[in-house]
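Values in this text are rule-based calculations from the coordinates and carry no lab data. As the structure is a prediction and not an experimental result, all values here were calculated from the model. Because the Cβ atoms are built from the backbone with ideal geometry, glycine has one as well, and the counts that use them run over all protein chains shown.
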Amino acid sequence: ARRRLYPKPFPGIPYNKVSANRIAGDLPELIPVIKATNEYSTSMFAISTQRLRLPLAQDPREIEDILVRRGREFDRAPMSIKTLKNFFPYSFMGKYNTPEVKEQKRIWADAFGADFLRKVAAPSIYNATLDLADGRPFEVVEDLHNATLDAIWVALVGEEAGITRHEIKKFLQSQRDASDGGRRDPGPPPRGYLLRREVDYVSEMIAKNSSSGIPVLAQKLAAYLPRHRQFRRTVDTEIGLVMRKAVDRFQRLELGRLEAGENDTCMMDLVLRRKVLEAKKLGRPLMDPTKDKVLLDDTFLMMFASYPTAQTELRAALKVAFPHPTTPSVDELLGADIPYLDAACEESLRLAGVAKGNLRQTVVDTHIMGHFVPKGAEIFMNYHVDHAPYPVDEEKRSASSQAAGAKLAAREGISRGDVSRDLGSFEPRRWLVKDEKTGQEVFDAYALPQLAFGGGYRGCSGRKLAVMEFRTVVALLVLNLEFLELPEEMKTLKASETIFRLPDMPFASLRAL
Ligand code: HEM
């Protein structure tokens, strides 16, 4: 009976023999490494190919193939679903691929489409970023978190969270206090702080419980604590308030104007307008959206999920695109083709490894890299492409992976160098290729598998929004500020993993240009 409690490794996939002979499996070895590095996913990937009966996938091409081309064989994994369900029981992120999820994703799909983001979200993101780039030095992680929340909140619900502006006011007043000995009151903090606190709470809880060794149970227990109930209350109240305002606006509109949507000011407007429209068309009363748990959870999820958040060459490329001395407008920024800017953003997302990895579960018996993996297995995949992959026999790859590799290799009319050289360093040029017809350098999104946003049907819904925001932030900061050399001890890519990975040395030394 005791043997039944031992972890049973998948036959054919290498595993640690000692772990297979104790009930605690890999934990005795894993916990000290997690403590020493502060990175639980990295620790798992570093130690073995199979932990606690959890096969690990490390090859970027094969992972991309699983995510993007093998959707019929894989679904979200129980471990992630159980973790997220505690916080967002109704959101689609906490659910398997069901028709219900399809409907929830459909409701948000247009709000994440390029046209809508460009028209409605981009101007808000641009303004929120200008607050950050006004030439003052900033504490990188905190201020970027605040600016991200400002930008997402206004794009999502059309109201300013105002956190960055409040922080700048506090900073300026403290400087004046220091010079004249005064004590100025910056006024009450904006409501955005309430949500910032709840986003922090969810990230911290998931991080703490994930490295506890019993993540699912720890998460379940935490849900009974008063802090968890406070989290739920704040989210329902704050998001409910903005939903109510949007629905009141739309209730007064005629059917024709509801369909046109020219008054949409944010993503929430689009989503709620569609709901009002559907109810009006069917002659049904609209369910009070502030009681719609699915919508409340999906809205908070968008904010939570968005949280993660060569300069000379880049500035030169930006100066060529925008030769005038003033900061480019949002339309100029969005409309300009600047391959080096796109390459720098793509390279930052690759190297940062903001989300180290994620799980999928097999829904049929299948093979990965030639190994048999039965139905129901959870696979933990490394999304951080930061070192050269181990050599793999091409014929061990899945048929779809081999076909995609052949297609990529056969692309004509472009010349590219060795894109996989020194993957531990920041080199935007690996994403640039020469178009042989025009002789121009162009951005090549396929230079390497880009796994920063996962992929496929359950890949990141906010990818276009995140890339648009990141591109805006990078361009405005690099045009307005010079990032000076840091002392040696601060030049490190070391990071700690909470739910996302955050740099251990988040410092920037700046000079206003
Ligand atoms: C740099 C910023 C971001 C990074 C690195 C990132 C990364 C990720 C990753 C790795 C996943 C899991 C995908 C998978 O396993 O295939 C994910 C899922 C998701 N992300 Fe993002 N994300 C970012 C920004 C955003 C933003 C701005 C939003 C929305 C406002 C967002 C919304 C979501 C949602 C809703 C999911 C779940 C999708 C599903 O379950 O179908 N993300 N993200």
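To the nearest 0.05, how large is the calculated FRET efficiency for ARG252 and THR98 if R₀ is 35 Å and r is the Cβ-Cβ distance?
0.50
Between GLU412 and THR327, the modelled label-to-label distance comes to 4.7 nm, taking each label 7 Å out from Cα in the direction of the beta carbon.
Couplings for region 8-23, taken from phi via the Karplus curve 6.51 cos²θ - 1.76 cosθ + 1.60 with θ = phi - 60°, read 9, x, 6, x, x, 9, x, 8, 7, 4, 4, 4, 5, 9, 8, 5 Hz in order; Gly and Pro are left as x. Per-residue 3J(HN,Hα) values for region 104-110, derived from phi via the Karplus relation 6.51 cos²θ - 1.76 cosθ + 1.60 with θ = phi - 60°, read 4, 5, 4, 4, 8, 4, 5 Hz in sequence order (x marks Gly and Pro).
Projecting the Cα atoms of SER425, TYR446, SER401 onto the charge dipole of region 400-513 (Cβ charges, centred on the Cα centre) puts SER401 farthest toward the positive pole. Residues whose amide H comes within less than 5 Å of that of ALA495, counting only those at least five positions distant or on another chain, are ASP504 (H built at 1.01 Å from N in the peptide plane). Peptides 485-493, 223-231 ranked from most to least packed, by the mean per-residue count of other Cβ atoms within 10 Å: 223-231, 485-493.
Kindly list the residues of region 142-158 that lie in the label zone of LEU241, defined by a backbone N under 11 Å from the point 7 Å along the Cα-to-C-beta vector. Nothing falls inside the zone, counting backbone N under 11 Å. If you count the DSSP beta bridges with both ends in the chain, what percent of them are antiparallel, to the nearest 5? Of all bridge pairs located within the chain, approximately 90 percent are antiparallel. Taking amide H as placed 1.01 Å from N in the peptide plane, the amide H of LEU510 sits under 5 Å from that of LEU484, each at least 5 places away or on another chain. Only helices enter the 222 nm calculation for the chain: every DSSP H run of n ≥ 4 contributes -39,500 (n - 2.57), and dividing by all residues gives -15000 deg cm²/dmol, rounded to 500.
For THR366, the residues whose modelled amide H falls within less than 5 Å of its own, excluding neighbours fewer than 5 places apart on the same chain, are VAL373, LYS375.
Inter-label distance, LYS105 to ARG118: 2.4 nm, where each label sits 7 Å from its Cα along the C-beta direction.
Overall, region 395-504 carries a charge dipole of about 660 debye about its Cα centre when +1 sits on the Cβ of Lys and Arg and -1 on the Cβ of Asp and Glu, all other atoms neutral. Model label points for GLU142 and ASP288, set 7 angstrom from Cα along the Cα-to-Cβ axis, are 3.9 nm apart. Based on the Kirkwood radius over alpha-carbon pairs, what is the Stokes-Einstein translational diffusion coefficient of the chain at 20 °C with 1.002 mPa s viscosity, in µm²/s? Diffusion coefficient, whole number: 85 µm²/s.
For the chain, a simple Cβ point-charge model (Lys and Arg +1, Asp and Glu -1, everything else neutral) yields a dipole of about 2320 debye relative to the Cα centre.
Taking each of LYS245/LYS275; LYS17/LYS95; LYS170/LYS245; LYS396/LYS464; LYS102/LYS280; LYS95/LYS356 in turn, the alpha-carbon distance tops 25 angstrom for LYS17/LYS95; LYS170/LYS245; LYS396/LYS464. Computed from Cα atoms alone, the Kirkwood hydrodynamic radius reported for region 369-422 is 14.2 Å. For the listed peptides 384-397, 21-34, 458-471, a ranking on the average number of other beta carbons within 10 Å per residue, highest first, reads 458-471, 21-34, 384-397. Charge tally for GLY240 (other residues, Cβ to Cβ under 14 Å; Lys, Arg +1; Asp, Glu -1): -2. The distance separating the Cα centre of region 189-234 from that of region 478-513 comes to 27 Å.
Can you tell me the order of 362-373, 341-352 when each peptide is scored by its average per-residue count of other Cβ atoms within 10 angstrom, highest first?
Going by the mean number of other Cβ atoms within 10 Å, highest first, we get 341-352, 362-373.
Expressed as a whole percent, the proportion of Cα-Cα pairs in region 205-310 lying more than 16 Å apart is 66%.
Here's the picture: charge each Lys and Arg Cβ at +1 and each Asp and Glu Cβ at -1 in the chain, and of TYR201, PRO215, ALA495 the one pushed furthest to the positive end of that dipole is PRO215.
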